[in-house]
Amino acid sequence: MGRYFAVRIGRAALTIVLVVTFAFVVLRLSGDPALMILGPEAPPEVLAAFRKAWGLDDPIWFQYLDYFGAIAKGELGRSMRDGRPAIELVLERIPATLALTLPAFAFKVALGIPAGIYAALHRGSGIDRAVMMTAVAGFTVPSFVLALLLVLVFAVQLGWLPSGGQDSWRHAILPIVTLSLGGAAVLARFTRSAMLEVLGQPYIRTASAKGVPWRKVVTSHALPNAAIPTVTILGFMVGTLIAGAVVVESVFSWPGVGRLLVVAVANRDLAVVQCILLLVAMTMVTSNLIVDFLYGFLDPRLRAKGAHA
Amino acid sequence: MTPLISIRDLSVAFNGVPVLRGVDLALQKGEALGLVGESGSGKSVTWLAALGLLPRNARVSGSVRLDGREILGAPAAELDRIRGGRVAMIFQDPASALNPVLTIRRQLCESLALHRDLSGGTVKAEARRLLDLVGIPDAARRLEAYPHEFSGGQVQRIMIAMALAGNPDLLIADEPTTALDATIQAQILELLSTIRHEMGMAMVLISHDLGVVAENCDRVAVMYAGRIVEEAPANQLFADPVHPYAQGLIGALPPLDGPRRRLTAIPGTVPDPASMPDGCAFAPRCALAEAPCGRAAPTLAPIAADRAVACVRAEASRRALLGMAAE
C-alpha cells in the first residue's frame, strides 16, 4: 500500500519537471519576448538592454538552471510587461476562473452521471437514444461554436443574457452553460458504457440469482464497480478546473486565468506563461494522484497489486 | 405427488431466434438430476429462464411451477423471494461470479439478510458457520477478505456457502467444476453431494462432463439443440442409451475397463439456432436418419416406466445398439 503511493508520487514529481522543462524550451525557441513586448520599431540598443536585463542573452541551459534555482527558492519570476511577480498576477485571476469552472463541474456531474446511469439501465429505449444523441452532439460541437451559438440565441436574438464581461452573476450563466454541456456529455457517455460493462458481468447475475432486488443490485453491486472507470474522467475534469476555460473565457471576455494565458503567450511574457503552466501541471498531477488514491480505495484488487507495481 | 418443480413446454427466443424449443422437465424433492449436452444446447438457459434471469431481449414462454405454483412471469418481489430462498444457483466461472469490490462478509450476509430471519450478531455467526461448513479454514478472519484473495476452488466453496444461505430446496449447479483443476473438481463435487444429503436438497447438475453426472446424479436428461432428447435413470442411460445422440455422447467416452477401442466421434456440428432443420434437429448428423426424421420434430415419449426418448427411430436405434454390442 505504501509503495503503491510512493511510486505514484515519484511519477507525479517527474511529470511536473518534464512539463516545466518542455514549456521552458518551447517558449524560448518560438519567439523573442523583447520584440513582442517592445515592438518591431524599438531601437536595437533598447532591445539589447531589455534582453540583458531579463537574462535572455545567457545560453539556454544557463537560463534553465537559473530558473530551477529560483523555483527552489520559491521565486516564480516577474512579468516582463509590468514587473509584478508572475504568481501574483496568476493568483488574482484564479477566483474569476473558479467562479466559472466550479459550478460547471457541479453541473457536469449532476447531469452527466445520472443521465449515463439511466441510459445504461434503459438500454435501447427512446430515452437512451435521446441521451446518447445529445451526448454525441455535446462533445462533437467545439466549445467556441457552442459559445457563439448561445450568444447568438440568448444574447443577440432574445436579449435575455449579456454576451460578455464580468459585471454580475448573469454574465456567468452562458460561460457556465457552455462549459457544462460538453463535460456532461462526456461524462454521460462514459458512465453509460462503464455501467453497461458492469451490468454484463457474471457477479450481477449472481446477485440477482441470490434474490437481491434489482434496485439494490444496481446501487450496491453495479455502481461501486462502475465508479472505478468514471473516477478517471472525473479526475481529469478536476485537473482542468484552473486552466480548462481558455476558449470560453476568451469568447466571453471573462478575466480569468485562461485569458491571462492567451495574452501572456502572445506577448511571450515568459514568467507568467511558465507560472500558469506550472500551476496547471500541478493541479493535473494532484488530481491524478487523488484518482490513484481513490482507485486504491474503490478497488481492493489494485491495493493488492500496488504492493508489487 | 406434486413435483418440487415442473417445467412445461418452456421456450426461449433471443431476438426472434429460438434457442429453447419446448422443454419438459420435472424434479422431485431431494432428487439429483443431471443435465448434459454440448455448449449451446440450452442447459443453462433452461434454468436462467425458469428463474427469470435472462436479459430483456429474451422472449420466454411455457410454464414453470414450483410446488404447483406458477412462477414464470411472477412479480419481481415474489421472484426475489424464490431466487436464493427456494432455488439457489451457482455458476461456472467462480472468479467472476463474486463481486470484486465487496468483502465476502458483505456478500454472504446479504443473502442471509434477504432470506433468513436473523439479526445483527447472529448474521455474522451464521456466515462464519457457512464458511466452516464449506471448508474455508479460519472463517472468522477470511470473512473480511475480498474474492481475489481466494483460489478458484475456494471461491466456488464460497459460492456454495452463499447458495446455502437461504436454505434452498433446489440448487442449480451450472457447470460448477468446469473452470477448476481435476483434483479441486472432485473435492467440490464431494462437498456438493455431502451437503445435498445432509440438507435433503434437490440438485440440478448442469455439465458437459458425463462422468461427473454419472457419479453424482439419480437421473439424467440429455439436451440437444434446445430440446430434451432423452431422459433416464443415470445407470440405465449410461448402460443403454437409446437416442442416437446419447449413444454418440457415450460412445465418445473411453471405457475405463475392457479392451482399448477407437473412440467414436459424432460427425458434423450442432445446427445454427437461426436455421434449424424442419424435423429432428439431430437428423443431419444421425447415422440412422430416414425420411420421416426430416418431417416433424419428434416429441419426448415414454419408452419404459421412467424413461423417455424423443426419436422416431428409438426402436431401430435400440436394435442397432444391441447389434453393435453383439458384434
Condition test on A:Ala245, is it within 30 Å of A:Ala99 (Cα to Cα), modelled with pLDDT of 90 or more and crowded, with 23+ Cβ neighbours inside 10 Å? no
Is there any pair with a first residue in the range A:107-131 that is in contact (Cβ under 8 Å) with a residue 40 or more places away in the chain and a second that is buried (at least 23 other Cβ atoms within 10 Å of the Cβ) and among the basic types (Lys, Arg) whose Cβ atoms are under 6 Å apart and which are 6 or more apart or on different chains, and what are they? A:Gly116/A:Arg192; A:Ala119/A:Arg192; A:Ala120/A:Arg192
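Do the conditions hold for B:Pro176, that is, is it in a loop (DSSP other than H, G, I, E, B), buried (at least 17 other Cβ atoms within 10 Å of the Cβ) and either of a type in the set (Ser, Thr, Tyr) or more than 9 Å from chain A (Cβ to nearest Cβ) (or both)? Show your work before the answer.
Numbers: in a loop (DSSP other than H, G, I, E, B): yes; buried (at least 17 other Cβ atoms within 10 Å of the Cβ): yes; either of a type in the set (Ser, Thr, Tyr) or more than 9 Å from chain A (Cβ to nearest Cβ) (or both): yes.
It is true that B:Pro176 is in a loop (DSSP other than H, G, I, E, B), buried (at least 17 other Cβ atoms within 10 Å of the Cβ) and either of a type in the set (Ser, Thr, Tyr) or more than 9 Å from chain A (Cβ to nearest Cβ) (or both).
Suppose the filter is surrounded by fewer than 22 Cβ atoms within 10 Å (Cβ to Cβ) and either in a helix (DSSP H, G or I) or modelled with pLDDT of 85 or more (or both); does A:Leu261 pass it? So that I can check it myself, show each step before the final result.
On the way: surrounded by fewer than 22 Cβ atoms within 10 Å (Cβ to Cβ): no; either in a helix (DSSP H, G or I) or modelled with pLDDT of 85 or more (or both): yes.
Considered against the rule, which asks whether it is surrounded by fewer than 22 Cβ atoms within 10 Å (Cβ to Cβ) and either in a helix (DSSP H, G or I) or modelled with pLDDT of 85 or more (or both), A:Leu261 comes out as no.
Against the condition more than 10 Å from chain A (Cβ to nearest Cβ), surrounded by fewer than 17 Cβ atoms within 10 Å (Cβ to Cβ), among the polar types (S, T, N, Q) and within 18 Å of B:Val19 (Cβ to Cβ), how does B:Ser39 come out, does it pass? I'd like the intermediate steps shown before the answer.
On the way: more than 10 Å from chain A (Cβ to nearest Cβ): yes; surrounded by fewer than 17 Cβ atoms within 10 Å (Cβ to Cβ): yes; among the polar types (S, T, N, Q): yes; within 18 Å of B:Val19 (Cβ to Cβ): yes.
Answer is yes for this residue.
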Restricting to the range B:123-143, and then to whatever is within 14 Å of B:Gln107 (Cβ to Cβ) and not in a helix (DSSP H, G or I), can you tell me which residue is farthest from the other protein chains (Cβ to nearest Cβ)? B:Ile136
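Taking the range B:211-231 on its own, how many of its residues are on the phi > 0 side of the Ramachandran plot and out of contact with any Lys or Arg (no Cβ under 7 Å at 6 or more places or on another chain)? If you could, list the steps in order and put the result at the bottom.
Here is the first cut: in the range B:211-231, the ones on the phi > 0 side of the Ramachandran plot are B:225-226.
Going one step further and asking which of them are out of contact with any Lys or Arg (no Cβ under 7 Å at 6 or more places or on another chain), we end up with B:225.
The qualifying residues number 1.
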Taking the range B:91-122 as the search range and keeping residues that are among the acidic types (Asp, Glu) and at the interface with chain A (Cβ under 7 Å from one of its Cβ atoms), which one is farthest from the chain's Cα centre (by Cα)? B:Glu110
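Just a yes or no: is a residue in the range A:117-130 within 25 Å of A:Ala245 (Cβ to Cβ) and not aromatic (Phe, Trp, Tyr)? Steps first, answer last, please.
From the range A:117-130, those within 25 Å of A:Ala245 (Cβ to Cβ) are none; that's our starting set.
No.
The rows are residues; the columns are (1) in contact (Cβ under 8 Å) with a residue 12 or more places away in the chain; (2) part of a loop (DSSP other than H, G, I, E, B); (3) closer than 20 Å to B:Ala95 by Cβ.
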| residue | (1), (2), (3) |
| --- | --- |
| B:Gly121 | no, no, no |
| B:Ala145 | yes, yes, yes |
| B:Arg157 | yes, no, yes |
| B:Ile172 | yes, no, yes |
| B:Leu180 | yes, yes, yes |
| B:Val213 | yes, no, no |
Among the residues of the range B:149-161 satisfying the criterion of being touching a strand residue (DSSP E or B) at 6+ places or on another chain (Cβ under 8 Å) and under 20 Å from B:Val123 (Cα atoms), which is nearest to the other protein chains (Cβ to nearest Cβ)? B:Met159
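Quick check on the range B:78-119: of everything there that is without any contact (Cβ under 8 Å) to a residue 24 or more places away in the chain and not polar (S, T, N, Q), which residue is surrounded by the fewest Cβ atoms within 10 Å (Cβ to Cβ)?
Residues of the range B:78-119 that are without any contact (Cβ under 8 Å) to a residue 24 or more places away in the chain, as a first pass: B:78, B:96, B:106, B:109-110, B:113, B:117-119.
Cutting the leftovers down to not polar (S, T, N, Q) gives us B:78, B:106, B:109-110, B:113, B:117-118.
Values: B:Glu78: 12, B:Arg106: 16, B:Cys109: 20, B:Glu110: 24, B:Ala113: 14, B:Asp117: 7, B:Leu118: 16.
In this case the residue turns out to be B:Asp117.
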Set A:Thr97, A:Thr15, A:Thr21: member being of a type in the set (S, T, N, Q) and touching a Gly at 6+ places or on another chain (Cβ under 7 Å): A:Thr97
Based on what the data block shows, is B:Ile266 at pLDDT 80 or above, on the phi < 0 side of the Ramachandran plot, among the aliphatic types (A, V, I, L, M) and surrounded by 11 or more Cβ atoms within 10 Å (Cβ to Cβ)? no
Among the residues of the range B:75-90, is any at pLDDT below 90 and out of contact with any Ser or Thr (no Cβ under 7 Å at 6 or more places or on another chain)? no
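Within the group A:Thr230, A:Thr219, which residue is within 14 Å of chain B (Cβ to nearest Cβ), hydroxyl-bearing (Ser, Thr, Tyr) and over 23 Å from the mean Cα position of the chain (by Cα)?
On the way: A:Thr230 fails: over 23 Å from the mean Cα position of the chain (by Cα).
Only one candidate passes the filter, namely A:Thr219.
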Conditions first: (1) within 14 Å of another protein chain (Cβ to nearest Cβ); (2) in contact with a Pro (Cβ under 8 Å, 6 or more places away or on another chain); (3) touching a residue at least 24 places away in the same chain (Cβ under 8 Å). A:Pro300 passes all but one, so which condition is the exception? (3)
Scanning the range B:279-307 residue by residue, the ones that are part of a helix (DSSP H, G or I) and touching a Phe, Trp or Tyr at 6+ places or on another chain (Cβ under 9 Å) total 2
Scanning the range B:126-156 residue by residue, the ones that are modelled with pLDDT of 90 or more, farther than 21 Å from B:Thr194 by Cα and among the hydrophobic types (A, V, I, L, M, F, W, C) total 3
Can you tell me which residue is nearest to the other protein chains (Cβ to nearest Cβ) among those in the range A:205-216 that are more than 15 Å from B:Ala173 (Cα to Cα) and crowded, with 20+ Cβ neighbours inside 10 Å? A:Gly211
Would the range B:216-233 turn up any residue that is in a strand (DSSP E or B), out of contact with any Leu (no Cβ under 8 Å at 6 or more places or on another chain), over 26 Å from B:Ala283 (Cβ atoms) and at pLDDT 90 or above? yes
Report whether or not A:Val257 is among the β-branched types (Val, Ile, Thr), within 24 Å of A:Lys108 (Cα to Cα) and touching a Leu at 6+ places or on another chain (Cβ under 9 Å). yes
From (1) loosely packed, with under 13 Cβ neighbours inside 10 Å; (2) in contact (Cβ under 8 Å) with a residue 24 or more places away in the chain, pick out the condition that doesn't hold for A:Val20. (1)
The one condition A:Gln157 fails out of (1) surrounded by fewer than 18 Cβ atoms within 10 Å (Cβ to Cβ); (2) touching a residue at least 24 places away in the same chain (Cβ under 8 Å) is (2)
Exactly one of B:Leu4, B:Leu20, B:Leu53, B:Leu25 is surrounded by 24 or more Cβ atoms within 10 Å (Cβ to Cβ) and either touching a Ser or Thr at 6+ places or on another chain (Cβ under 6 Å) or away from chain A (no Cβ under 14 Å) (or both), and that residue is B:Leu20
If B:Ala74 passes every condition in (1) assigned to a loop (DSSP other than H, G, I, E, B); (2) crowded, with 18+ Cβ neighbours inside 10 Å; (3) of a type outside the set (D, E, K, R) but one, which one does it miss? (2)
The range A:1-42, residues that are closer than 17 Å to A:Gly55 by Cα and outside any helix (DSSP H, G or I): A:Ser30, A:Gly31, A:Asp32
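Mind checking which residues of the range B:249-263 are at pLDDT below 80 and outside any loop (DSSP other than H, G, I, E, B)? Even if it seems obvious, please write down each step before you answer.
Keep residues of the range B:249-263 that are at pLDDT below 80, which gives B:251-263.
Of everything in the range B:249-263, just one residue is at pLDDT below 80 and outside any loop (DSSP other than H, G, I, E, B), namely B:Gly251.
The values are calculated or read from the model by the stated rules, or taken from the named source; none is laboratory data. Everything quoted here is computed from the prediction, not taken from an experiment. Quick reminder, even Gly has a Cβ in these numbers, built from the backbone with ideal geometry, and neighbours come from all protein chains shown.
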